[in-house]
Amino acid sequence: MPFLDHVLQPPSYGWNDNKGELIKPTVLQILKEFFTRLNVIGNRKNWLPFFSWLKVFCLLPFFFIFLFNFLHIWTVLAAFVYSMIIMGTHGTIWHHRYCTHGAYTFRNAFWRFFTQNLTINVIPEEIYVISHHVHHAKSDQPGDPYNAYAGFLYCFLADVNHQPIAKDLSKADYNRVGLLMKHTGIKGNTYAQYQRWGSYVTPIGAVTSWILNWSFWYITFYMLGGHALACSMFGAAGFWAIGVRTFNYEGHGKGEEKQREGVDYNHKDNSVNQLWPGIVAGEWHNNHHLFPKSARSGFKPHQIDFAWYYIKFMSLVGAVSHYKDFKKQFMSQYHQPYQLSKTEQNQLASSTVLSQSAASN
């Protein structure tokens, strides 16, 4: 069985039926799976998805403190920029283009650590990276961990229900997980430790990184703007942590075919280019599915890509030693042929109108 077919822990309701068709679980089935997998008392191997949502719930008090005690024009503006642009762009820079697709290479471990901790730590790299490789291999097909055809809740709770790695991998397959994670700098469990904890990342490493990251950022924000700014930024991170879980459902047309001619060129799945995620986070998703290993996804002039601007800047100052940019391939293989075909169609239409006009006269 191919590695990506079994690297993720299958949900109790399964990926597909006996005919190979996608299983669309009920809301009750999804919720039951969600709470079962958050049960660390019954099974310590559930610790990583529990830890992921623990961070979300720890951010919620900051959000409410921000709403009830520090709601001012300047804090709202700061929270908006931080949640919508900074957190979103960092997710694209770090989790998406570097950790998953290796679209660029850091000069050394310092710049990797610097980039990793540019924002408040929320999403465990392991949950994102391994499952995202499966997503690209099975996009909008059974086995896609956030398959939009199965509905909003299926995608929204995917980090618990569908994205964690399987708990019974062979040593060879676990080593393959390690190869996909090695470049991230995340310290991994030995195979024996994996059999105990059910994850690649070590619990002590994840918790230590969390505490140090949050402590640094709260102190930094407090020094810049007191508790008002610190609570606003942490509240904004909590808002983003919830919102980002809706992206793949939206980014794949909510399970419908919403691609537009001349906008979306990849027709192998339902991924679409959306203006808002593109502008605030560089997530031109259909472009990304065309060239997943590209450090740039905003190929057209209007497609703002803050993630690419950061990577390019880091390259100019020497922090990034290499990156892959597929803009030229996109233009020559997709955009320019489309423009040419539209020009030819317009010319043909004009000639037809002129011929009909001449004939009628």
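Tabulated results
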item: Some residue of segment 79-89 being over 26 Å from Lys312 (Cβ atoms), out of contact with any His (no Cβ under 8 Å at 6 or more places or on another chain), in contact (Cβ under 8 Å) with a residue 12 or more places away in the chain and surrounded by 21 or more Cβ atoms within 10 Å (Cβ to Cβ); result: yes
item: Residue in segment 91-105 that is at pLDDT 95 or above, among the hydrophobic types (A, V, I, L, M, F, W, C), under 23 Å from the mean Cα position of the chain (by Cα) and surrounded by fewer than 20 Cβ atoms within 10 Å (Cβ to Cβ) present; result: no
item: Close pairs from segment 1-23: first small (Gly, Ala, Ser), partner buried (at least 17 other Cβ atoms within 10 Å of the Cβ) and modelled with pLDDT of 95 or more, Cβ under 6 Å, at least 6 apart; result: Ser12/Glu33
item: Candidate set from segment 190-209 (those that are without any contact (Cβ under 8 Å) to a residue 60 or more places away in the chain and in contact with a helix residue (DSSP H, G or I) (Cβ under 6 Å, 6 or more places away or on another chain)); member that is farthest from Asn39 (Cα to Cα); result: Tyr191
item: Members of segment 177-221 that are more than 25 Å from the chain's Cα centre (by Cα) and under 24 Å from Val7 (Cα atoms); result: Thr190, Tyr191, Ala192, Gln193, Gln195, Arg196
item: Residues within segment 287-344 that are part of a loop (DSSP other than H, G, I, E, B) and out of contact with any Phe, Trp or Tyr (no Cβ under 6 Å at 6 or more places or on another chain), tallied; result: 11
item: Given (1) within 30 Å of Gln141 (Cα to Cα); (2) at pLDDT below 95; (3) not polar (S, T, N, Q), index of the condition Met331 fails; result: (2)
item: Residue in segment 222-235 that is within 21 Å of the chain's Cα centre (by Cα), at pLDDT 95 or above, surrounded by 14 or more Cβ atoms within 10 Å (Cβ to Cβ) and not in a helix (DSSP H, G or I) present; result: no
item: Subset of segment 239-283 [of a type in the set (Gly, Ala, Ser) and touching a Gly at 6+ places or on another chain (Cβ under 9 Å)]; result: Gly243, Gly255, Ser271, Gly278, Ala281, Gly282
item: Some residue of segment 209-228 being more than 24 Å from Asn287 (Cβ to Cβ), in contact with a His (Cβ under 9 Å, 6 or more places away or on another chain) and of a type in the set (A, V, I, L, M); result: yes
item: Every residue from segment 245-295 that is among the aromatic types (Phe, Trp, Tyr), without any contact (Cβ under 8 Å) to a residue 60 or more places away in the chain and over 24 Å from Asp159 (Cβ atoms); result: Phe291
item: Unmet criterion (only one of (1) in a strand (DSSP E or B); (2) in contact with an Asp or Glu (Cβ under 7 Å, 6 or more places away or on another chain); (3) of a type outside the set (Phe, Trp, Tyr)) for His135; result: (1)
item: Pick from segment 24-42, criterion in contact (Cβ under 8 Å) with a residue 24 or more places away in the chain, assigned to a loop (DSSP other than H, G, I, E, B) and not basic (Lys, Arg), ranking: farthest from Val129 (Cα to Cα); result: Pro25
item: Evaluation of Gly20 against (1) surrounded by fewer than 13 Cβ atoms within 10 Å (Cβ to Cβ); (2) in a loop (DSSP other than H, G, I, E, B); (3) modelled with pLDDT of 95 or more (one fails), failing number; result: (3)
item: Flag for Ser209 being surrounded by 14 or more Cβ atoms within 10 Å (Cβ to Cβ), modelled with pLDDT of 95 or more and under 23 Å from Leu118 (Cα atoms); result: yes
item: Total residues in segment 154-190, condition within 18 Å of Asn43 (Cα to Cα), surrounded by fewer than 20 Cβ atoms within 10 Å (Cβ to Cβ) and either β-branched (Val, Ile, Thr) or touching a Lys or Arg at 6+ places or on another chain (Cβ under 7 Å) (or both); result: 1
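The values are calculated or read from the model by the stated rules, or taken from the named source; none is laboratory data. Quick caveat, the model's predicted, so the values are computed rather than measured. For neighbour counting, all protein chains shown are included, and Cβ atoms are generated from backbone atoms with ideal geometry for every residue, glycine included.
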